[in-house]
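The values are calculated or read from the model by the stated rules, or taken from the named source; none is laboratory data. As the structure is a prediction and not an experimental result, all values here were calculated from the model. Positions of Cβ are generated from backbone atoms using ideal geometry, with glycine treated the same way; all protein chains shown enter the neighbour counts.
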Amino acid sequence: MNEMLEITIWQLVSAYIFIVILLAIVRWRKIPREKEIVIATLRMTIQLVLVGYLLMFIFENEKMIYSLIVLTIMETFAVYNIFKRTKQKLSKDLKKIIALSMVSGTLFAFIYFDFVVVQFSPWYDPRYFIPIAGMLIGNSMTGITLGVSALVEGFTSRRKEVEAALMLGATPNKASQGIVNHAFDSAILPTINSMVGMGIVFLPGMMTGVILSGAGPLDAIKYQIAIMLGITGSVSLSVILFLYLGYKTFFNKYAQLKL
Amino acid sequence: MFEIQNLKYKDILDINILELESGKVFCLFGESGSGKSTLLKIFNGMLTPDEGVVRYKKEKITQLDPVELRKEVVMLGQDPVVFEGTVRDNLLAGLRFSGENEVTDQEMSSLLKELHLEKELDEDATKLSGGEQQRLAFGRVLLMNANVYLMDEPTSALDEGTETVVMDYFTKNIKKQNKTVIMVTHSKEISEKYSDRIIYMDEILTKVGVHHE
Ligand SMILES: Nc1ncnc2c1ncn2[C@@H]1O[C@H](COP(=O)(O)OP(=O)(O)OP(=O)(O)O)[C@@H](O)[C@H]1O
Ligand SMILES: [Mg+2]
């Protein structure tokens, strides 16, 4: 097996030329984004360096508790990120449902992946545990964010339709069917699209990583297929859970639409 | 059929007592903003009073299953709603919501004719005009086999001729089946011509101020 090519610190510095070019362009075009670009670059660098050291520490001290702590942090961050990225105001109940479905959906898919599909050994092996959990959580986070927006937007813009249906004796479930299906569609679409483009439009991070680390492309692809299926499972599970529990928060016990 | 005692809803409704018998056509008459739509929604379980008791067939509305109540006491809202899809989808929507058996194309076509709505069942319902959409929403409710029909200004967007056609057809069928209708209207002629009893909002509402002393 060939080792991964080392990048020297000076080679790495030379990569920042891309940012310099970008800065030159925005200055020339008078686009007021210089500050954001610099901040984003700095953040990316600092965050990755910190994570690098953190991972180094965790990989060297292979302990169950570290893997679990990282998992908890990722879940928490993902839930807060959903709250932050949703433009509309969210009710307390809906926030609870978001957290619940995010955590249980990803965990269920991840546990299956860990113990049945890839069978990490030990099961908390941070080299697999952390990046794969990260991918499932990250994709579910995006899916739920899209689902939340579509659901809240749907209940706002199609309120009259839902009310008309209720007035004729529809259950809240039936009255919100159109909205829920539409929200599921928009939440799941990016995942489906990325399966379609897989390997042709882009070589995803996972595979790039595996190839760079010296494994053969066929091994990398096996991993990629597994992870893609895992992501799809995790996203659909958490989104379905969210929508199925979430639409109910828009109704009170008298099956009336809450304001 | 309905009984109200000491009902209060926000500062919109304050009704001491009101009794509506079954098998009749009632017209609710009152100025804009007097709470007619609000009252219909309370009968339909879409709103719950803050105080007081509303009974349907002797049972407190709050103790009934709201969905079961609405299947028996259907309501046509003030703004006609058209669902995405064809005219057929829209006519069947109510039956599908409430889980009743669907009707045949023939029955639907003849209903459209009665409502002077000369459209094909396969036509896109969202492209209909305002008045056509109102008749479509009306037809959807008529197809349902309910006990009470709550109609909130069902003919507001229609010209007089069409209004008469629709109302004649509606009341004729309702009377035949001995159903109850509570209908909001702004038209004196409609209420006088079709109703068994006219309910004036300003007569049933307790005057504001009396209860605030
Ligand atoms: N959701 C609501 N929250 C608070 N107030 C409301 C709400 N809906 C209606 N109102 C107020 O309640 C009052 C009665 O409204 P309602 O729609 O019942 O009147 P209406 O008699 O049907 O009038 P119109 O003839 O114009 O349809 C109005 O003053 C209205 O502003
Ligand atoms: Mg009204």
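General observations
- Pairs where the first residue, in the stretch B:19-42, is within 15 Å of B:T206 (Cα to Cα) and aliphatic (A, V, I, L, M) and the second is outside any loop (DSSP other than H, G, I, E, B) and within 11 Å of ligand 2 (Cβ to nearest atom), C-beta under 9 Å, 6+ apart: B:L39/B:L28; B:L39/B:V184; B:L39/B:M201
- Of the residues screened, A:M195 is one that is outside any loop (DSSP other than H, G, I, E, B) and either surrounded by fewer than 16 Cβ atoms within 10 Å (Cβ to Cβ) or touching a Phe, Trp or Tyr at 6+ places or on another chain (Cβ under 7 Å) (or both).
- Count of the stretch B:138-168 residues which are out of contact with any helix residue (DSSP H, G or I) (no Cβ under 7 Å at 6 or more places or on another chain), within 12 Å of another protein chain (Cβ to nearest Cβ) and not aliphatic (A, V, I, L, M): 1
- B:M108 fulfils the conditions (1) under 27 Å from B:S195 (Cβ atoms); (2) more than 11 Å from every other protein chain (Cβ to nearest Cβ); (3) not small (G, A, S) except for a single criterion, (1).
- The listed residue being of a type in the set (A, V, I, L, M) and touching a residue at least 40 places away in the same chain (Cβ under 8 Å), out of B:L76, B:L121, B:L112: B:L76
- From the list A:S176, A:S140, the lone residue that is within 14 Å of chain B (Cβ to nearest Cβ), touching a Gly at 6+ places or on another chain (Cβ under 9 Å) and touching a residue at least 40 places away in the same chain (Cβ under 8 Å) is A:S176.
- Per the listing A:L166, A:L203, A:L189, A:L212, the residue uniquely surrounded by 20 or more Cβ atoms within 10 Å (Cβ to Cβ) and either more than 14 Å from chain B (Cβ to nearest Cβ) or modelled with pLDDT of 95 or more (or both) is A:L166.
- Within the stretch B:39-77, considering residues that are among the hydroxyl-bearing types (S, T, Y) and within 13 Å of chain A (Cβ to nearest Cβ), the one nearest to ligand 2 (Cβ to nearest atom): B:T48
- The stretch B:1-20 - residue that is of a type outside the set (S, T, N, Q) and in contact with a Ser or Thr (Cβ under 8 Å, 6 or more places away or on another chain) and, of those, farthest from ligand 2 (Cβ to nearest atom): B:M1
- Sole exception among (1) within 16 Å of ligand 2 (Cβ to nearest atom); (2) over 21 Å from A:A165 (Cβ atoms) for B:P154, by number: (2)
- Top-ranked residue in the stretch B:78-93 [being facing chain A (nearest Cβ under 7 Å) and of a type in the set (A, V, I, L, M, F, W, C); ranked as farthest from the chain's Cα centre (by Cα)]: B:F83
- Pairs with Cβ under 9 Å, 6+ apart, first in the stretch B:145-167 and on the phi < 0 side of the Ramachandran plot, second within 16 Å of ligand 1 (Cβ to nearest atom) and among the aromatic types (F, W, Y): B:V148/B:F43; B:L150/B:F43
- The stretch B:19-38 - residue that is away from every other protein chain (no Cβ under 14 Å), surrounded by 16 or more Cβ atoms within 10 Å (Cβ to Cβ) and outside any loop (DSSP other than H, G, I, E, B) and, of those, nearest to ligand 1 (Cβ to nearest atom): B:K36
- Only one entry of A:I73, A:I82 meets the criterion of being loosely packed, with under 11 Cβ neighbours inside 10 Å and in a helix (DSSP H, G or I), and that entry is A:I73.
- Output for the stretch A:5-56, where each listed residue is more than 29 Å from A:R127 (Cβ to Cβ) and touching a helix residue (DSSP H, G or I) at 6+ places or on another chain (Cβ under 9 Å): A:I19, A:L22, A:L23, A:V26, A:R27, A:I31, A:P32, A:R33, A:E34, A:I37, A:V38
- Residue count for the stretch B:102-156 satisfying the condition of being in a loop (DSSP other than H, G, I, E, B) and among the small types (G, A, S): 3.
- B:L111 being at pLDDT 90 or above, farther than 22 Å from B:L39 by Cα and not hydroxyl-bearing (S, T, Y): yes
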